[in-house]
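Right, one structure below, let's go through it.
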Amino acid sequence: MHAPKFAASRSFHKELKLRTNAYFAEAGKDTTGDARLFAKAIILTVAFVAVYLHLVFLTPPTWLALAECALLGLIGSAIGFNVMHDGAHGSFSKSKWINQFASFTLNVLGGNSFMWNVKHNLIHHMYTNVDGVDDDLDAQPWLRLSSTQTRHRFHRFQHLYFWFFYALLFIAWIFFMDYQKYFKGKIGEMPIKKMTATDQGVFWGFKALHLFLFVALPIYTVGFVAWILGFLVFATVVGFTMSIVFQLAHTVEHAAFPMPHEITNKLEDEWAIHQIKTTANFATDSKVISWLVGGLNFQVEHHLFPTISHVHYPALNKIIRQACLEFGVEYNEYPKMRYAVASHVAHLREMGRA
């Protein structure tokens with residue numbers, strides 16, 4: 001599929017930008033992260049390193065080691081949500097090299113920042129929930145996330161078994177999907193721009209570093225059996241946590257899955273309205289959830305203003321909701337995380353039957 005085109009931009013997006021710019025001007029704030037984000041990054045990084053070192057070099061008893069592996073997975077996910085994600089969008093800091101440093105935490109954890117930028121920043125954020133373009137919807141044949149995808153008989157049970165594939169996401173991502181994208185030169189059907197020599201070096205260098213830190217060294221210090229058990233706990237916690245947080249943003253009952261016109265290849269809405277229709281917030285009143293998931297529960301605000309740090313999303317939430325009310329644009333938000341989870345499960349059930 002060729003990348004679709006959006007309807008001509010109207011006054012809505014312009015008004016959103018005007019009001020948002022006015023807020024930052026009046027508040028005298030930068031759009032990037034502040035002391036709160038930097039402190040969080042330090043806390044999470046120190047915690048991750050401390051748990052990793054204790055696991056690899058101090059050999060705790062089995063029950064404690066497995067608990068620490070699960071904790072390491074939660075901290076790793078939090079680093080991804082809070083540090084890597086803002087860094088990759090250029091919103092962590094005003095400094096370009098600090099943003100790059102923050103985004104490179106993904107490379108250390110086993111992913112690749114170049115592939116993430118193309119898949120997430122360029123494709124997903126532009127063509128959200130457009131089947132055939134947005135690679136986040138491609139979980140076939142195991143899961144059917146959109147009504148435009150092929151339905152198999154076993155999809156009737158996907159609302160029961162989805163957690164298993166979510167848990168495997170991180171393992172598939174770092175050991176298979178990145179390499180598949182690299183050698184195919186495509187993400188789904190969308191071509192990847194040519195990688196520079198630096199991009200190539202980062203890809204292979206950090207893949208080797210990850211294998212050393214998370215495979216070779218732990219096997220050497222604790223043995224293969226202990227490593228495989230611990231790594232599976234760590235990786236499945238990361239996979240499930242990341243999957244469920246991102247899925248609650250787009251694959252729920254009230255999110256739209258628009259497709260371009262067959263002839264014109266145009267989408268019905270302008271870009272900003274498309275983002276709001278295809279996205280949902282959850283638990284925005286919970287400071288604990290907001291802190292842990294890096295503001296990704298404010299997904300509407302993030303999709304409209306991805307280069308603004310998540311620490312500002314609570315303020316933007318009020319601005320955007322008011323604008324949606326005035327312009328008659330439906331704003332999707334679940335007051336509790338459990339309601340969003342229930343809606344995601346209901347969506348999977350519906351896609352498995354319809």
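The values are calculated or read from the model by the stated rules, or taken from the named source; none is laboratory data. Here the structure is a predicted model, which means the values were calculated and not measured. A quick note on method: Cβ atoms are made from the backbone with ideal geometry, for glycine too, and the neighbour counts reach across all protein chains shown. In case anyone asks, the SASA skips ligands and DNA or RNA and just uses the protein heavy atoms, side chains included. Shrake-Rupley method; radii C 1.70, N 1.55, O 1.52, S 1.80 Å.
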Subset of the range 296-315 (residues that are in contact (Cβ under 8 Å) with a residue 24 or more places away in the chain, within 17 Å of Gly90 (Cβ to Cβ) and not aromatic (Phe, Trp, Tyr)): Leu296, His303, Leu304, Pro306, Thr307, Ile308, Ser309, His310, Val311, His312
Given (1) surrounded by fewer than 19 Cβ atoms within 10 Å (Cβ to Cβ); (2) at pLDDT below 95; (3) not hydrophobic (A, V, I, L, M, F, W, C), index of the condition Tyr161 fails: (2)
Contacts under 7 angstrom Cβ, first residue in the range 266-291 being over 29 Å from Pro4 (Cα atoms) and in a loop (DSSP other than H, G, I, E, B), partner β-branched (Val, Ile, Thr) and open to solvent by 10 Å² or more (accessible area, probe 1.4 Å), 6 or more apart: Ala283/Ile289
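Give the residues of the range 334-354 that are in a helix (DSSP H, G or I) and either charged (D, E, K, R) or farther than 23 Å from Thr284 by Cα (or both), sorted by residue number.
Step one: filter the range 334-354 for residues in a helix (DSSP H, G or I), giving 337-353.
Residues satisfying the conditions are Arg338, Leu348, Arg349, Glu350, Met351, Gly352, Arg353.
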Qualifying positions in the range 48-69 - loosely packed, with under 15 Cβ neighbours inside 10 Å, under 13 Å from Val233 (Cα atoms) and aliphatic (A, V, I, L, M): Leu64, Ala67
Residue within the range 28-42 that is surrounded by fewer than 20 Cβ atoms within 10 Å (Cβ to Cβ), at positive phi and outside any helix (DSSP H, G or I) present: yes
Selection count where residues are exposed (fewer than 12 other Cβ atoms within 10 Å of the Cβ), in contact (Cβ under 8 Å) with a residue 12 or more places away in the chain and within 16 Å of Ser103 (Cα to Cα), scope the range 185-210: 0
Every pair of residues 6+ apart whose Cβ atoms lie under 8 Å, when the first sits in the range 144-166 and is within 19 Å of Met242 (Cβ to Cβ) while the second is open to solvent by 70 Å² or more (accessible area, probe 1.4 Å) and in a helix (DSSP H, G or I): Gln158/Arg349; Trp163/Phe240; Tyr166/Phe240
Test: residue in the range 71-80 that is surrounded by fewer than 20 Cβ atoms within 10 Å (Cβ to Cβ), touching a residue at least 40 places away in the same chain (Cβ under 8 Å) and either in contact with a Ser or Thr (Cβ under 9 Å, 6 or more places away or on another chain) or assigned to a helix (DSSP H, G or I) (or both): yes
Condition met for Thr45 (of a type outside the set (A, V, I, L, M, F, W, C), open to solvent by less than 80 Å² (accessible area, probe 1.4 Å), modelled with pLDDT of 95 or more and more than 15 Å from Ser309 (Cα to Cα)): yes
